[in-house]
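Novice: Quick one: the structure is below, and I'll ask about it shortly.
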Amino acid sequence: MTNNYTVSPGFDCTALSLALLDFLENTKQLTAQHIMVSDTEWIVQAREKSSLKKIMGMDKATTVKLNINNTHLTIEIGQGKWLDKIAANAIGYWLFWPALIPGAIGAYQQMQLPKEISRFIASYINKSSYNLVYSEQTSKKFCPNCGTKIVPGSIFCEECGQKID
């Protein structure tokens, strides 16, 4: 699943990847890791903690790749762990039909995970874009010496070097 977003200039993709890591670990109760591949690319991987769920075909796993190019953000969400669900269902079908239930639940949960991640990312981007626009509108300061707009948090004017109070 690939999603494309247009984000505000200066959008912090590292913060998004860390927020996604937190969402997967604390909300979805998965073991997750965060990898910064380059200045423009991050990977977040997550999988189920329980080995019992793996045996029953109920575990989940995913890889999320974030790539930003100026204001264009591409999110690729990979779905993993389908082979064990198929194996659990095949065994359940031939040996013990109630074993089909955990495999079916696992397949459904695995199918829902990319959708939940997409909703989380869209919500995060919308909140971040609103906050960025709001902070730019409410914190417009100008250099007392040359009148240039000051970047929030700056100590000196980028144009003339005047110290900002």
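What follows draws every value from the coordinates through simple rules; no lab data is involved. These numbers come from a predicted model, not from an experiment. Glycine gets a Cβ as well: all are built from the backbone with ideal geometry, and neighbour counts include every protein chain shown.
Novice: With 10 angstrom as the radius, rank Thr2, Thr74 by how many other C-beta atoms surround their C-beta, starting from the fewest.
Specialist: Ranked by crowding around the Cβ, least crowded first: Thr2, Thr74.
Novice: Another question about this same structure. Please go through the residue pairs Lys28/Lys49; Lys28/Lys115; Lys65/Lys115; Lys127/Lys149 and name each one whose alpha carbons sit more than 18 Å apart in this structure. Mind dumping the intermediate values first?
Specialist: Values: Lys28/Lys49 11 Å; Lys28/Lys115 13 Å; Lys65/Lys115 15 Å; Lys127/Lys149 24 Å.
Too far apart for the 18 Å limit: Lys127/Lys149.
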